[in-house]
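Working notes, beginning with the structure itself.
The values are calculated or read from the model by the stated rules, or taken from the named source; none is laboratory data. If you're wondering where the values come from, they're calculated on a predicted model, not measured in any experiment. Here the Cβ is made from the backbone with ideal geometry for all residues, glycine too, and neighbour counts use every protein chain on show.
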């Protein structure tokens, strides 16, 4: 362990690894008052916060069956400690999932448990809620603890419930309230206005034609398309190669697609805040679909946004089943969609793996995509078709995947902590870099790409970061070969 830490020593100008016990100083940023009002939450801490917190806690116990079960069943065996990247990265005892859950259990047992003392709300200490604020915003909801718990307890459910409880008294993380409010204002977390969204797509069309020699369209608000596509808005702003790859995939498959200016982001920041805002952000999608009437809805490479769509869509009323214009009444991930077409031969003879020559790739499984939604084999089979790639150690991938450090809004709310949570993944990347000369990390989540980019730079790993879609798009239309890409590939 000491040798790996020495090998992964941060650059001199980078922040040092947090010392044991330092996590308490890493508090998340409080949301803005205007954002919290727009999300239907108190703008600041309520005067009667103690009574409101206990009332909201009681409702959460009734609404979320797993919440009460997890609070009552944990035996504090410590098996979750080795699984949590934030405990491994900070060495703070309260960052052990069982200890973090214990902060909620303390309120439950003292004030709400059946047969308990039922103390008056006035005795609820503010110091305990301060710890709630710090430590429930130091969990990325990655759910790795549930995989290692001998009882299968998922402390991410406790984190979600406690964030919701805090939001009801006016304690909202900026990542959740700010992101959700921006979605309500502009349709995406990045704040890209409608007119700018259209202009950016026009410029993308011009860039794609210059790079590939093909008239690849990037439609906006088109009625009756085969696919309504939800791109991660961050790809338009920071990962343009990935956004172009989406357009290349649809064009190569002959699929008529469009994006919406009303909901232009695959992410769902409401999931970092509370159930109500998660539902409202998701409902915007159905409103956009009813306006544009596509045959199916496809998600871009987004982690939490995809988990909400894949695992909660059926319970977020209104459901998709009543949308008669949809031929597929369930969401579909872009990687699942591309894998399905690939297996059917839609891209047969089209992929040019030589376009990715020089990239020795490893794949990072996003927690929400792999562990929570089971999408593990599809990206790997696509990578086999377009590049040389190598697997990281088995205990760090697939269902066992390690968090990128930035999930649950932590990349935005607490960048220093995100780097601490990235440490276990950095160790796995360092191993595959040394063993297989990997110089490129692919993933299927926009949040993971941002966190991985910061992490590999911070720890000096010297690796590039990109998406699975980017590798696919590059192999379909090799930009490096210019306007004569097809002729050059065929001649080769």
> Taking into account only those residues within region 427-453 that are more than 15 Å from the chain's Cα centre (by Cα) and closer than 21 Å to residue 238 by Cβ, which is surrounded by the fewest Cβ atoms within 10 Å (Cβ to Cβ)?
Replying inline: 439
> Just checking, which of 119, 144, 105, 109 is assigned by TED's automatic domain parsing to the domain that holds residue 60 and crowded, with 21+ Cβ neighbours inside 10 Å?
Replying inline: 144
>> Out of everything in region 208-226 that is part of a helix (DSSP H, G or I) and buried (at least 16 other Cβ atoms within 10 Å of the Cβ), what residue ends up being modelled with the highest pLDDT?
In response: 208
> Got a sec? Which of 492, 482, 409 is modelled with pLDDT under 95, more than 29 Å from residue 236 (Cβ to Cβ) and either in contact with a strand residue (DSSP E or B) (Cβ under 7 Å, 6 or more places away or on another chain) or surrounded by fewer than 22 Cβ atoms within 10 Å (Cβ to Cβ) (or both)?
Replying inline: 492
>> Filter region 291-320 down to the residues that are modelled with pLDDT of 90 or more and not in a helix (DSSP H, G or I) and list them by number.
In response: 293, 294, 295, 296, 297, 298, 299, 300, 301, 302
> Tally time: how many residues in region 282-322 are without any contact (Cβ under 8 Å) to a residue 24 or more places away in the chain and either on the phi > 0 side of the Ramachandran plot or more than 21 Å from the chain's Cα centre (by Cα) (or both)?
Replying inline: 3
>> Among the numbered criteria (1) within 30 Å of residue 174 (Cβ to Cβ); (2) in a loop (DSSP other than H, G, I, E, B); (3) out of contact with any strand residue (DSSP E or B) (no Cβ under 9 Å at 6 or more places or on another chain), which one does residue 271 miss?
In response: (2)
> If you go through region 306-318 one residue at a time, do you hit one that is surrounded by fewer than 21 Cβ atoms within 10 Å (Cβ to Cβ), assigned by TED's automatic domain parsing to the domain that holds residue 460 and within 21 Å of residue 144 (Cα to Cα)?
Replying inline: no
>> Of everything in region 66-99, what is over 14 Å from residue 157 (Cβ atoms) and exposed (fewer than 15 other Cβ atoms within 10 Å of the Cβ)? Give them in sequence order.
In response: 75, 76, 77, 78, 82, 93
> residue 245 versus (1) more than 18 Å from the chain's Cα centre (by Cα); (2) in a loop (DSSP other than H, G, I, E, B): which is the lone unmet condition?
Replying inline: (2)
> Is there a residue being in the same structural domain as residue 338 (by TED's automatic domain parsing), in a helix (DSSP H, G or I) and in contact with a strand residue (DSSP E or B) (Cβ under 6 Å, 6 or more places away or on another chain) anywhere in region 248-263?
Replying inline: yes
> Quick check: anything in region 237-244 touching a residue at least 40 places away in the same chain (Cβ under 8 Å), crowded, with 24+ Cβ neighbours inside 10 Å and touching a strand residue (DSSP E or B) at 6+ places or on another chain (Cβ under 7 Å)?
Replying inline: yes
> If we keep just the residues of region 151-169 that are outside any helix (DSSP H, G or I) and at pLDDT below 95, which is surrounded by the fewest Cβ atoms within 10 Å (Cβ to Cβ)?
Replying inline: 152
> residue 345: surrounded by fewer than 17 Cβ atoms within 10 Å (Cβ to Cβ) and assigned to a loop (DSSP other than H, G, I, E, B), yes or no?
Replying inline: yes
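Yes/no matrix, rows are residues, columns are (1) assigned to a loop (DSSP other than H, G, I, E, B); (2) under 17 Å from residue 457 (Cα atoms); (3) in contact with a strand residue (DSSP E or B) (Cβ under 6 Å, 6 or more places away or on another chain); (4) not assigned by TED's automatic domain parsing to the domain that holds residue 452:
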residue	(1), (2), (3), (4)
373	yes, no, no, no
380	no, no, no, no
402	yes, no, no, no
419	no, yes, no, no
423	no, yes, no, no
434	no, yes, no, no
> If residue 109 passes every condition in (1) more than 23 Å from the chain's Cα centre (by Cα); (2) under 21 Å from residue 275 (Cβ atoms) but one, which one does it miss?
Replying inline: (2)
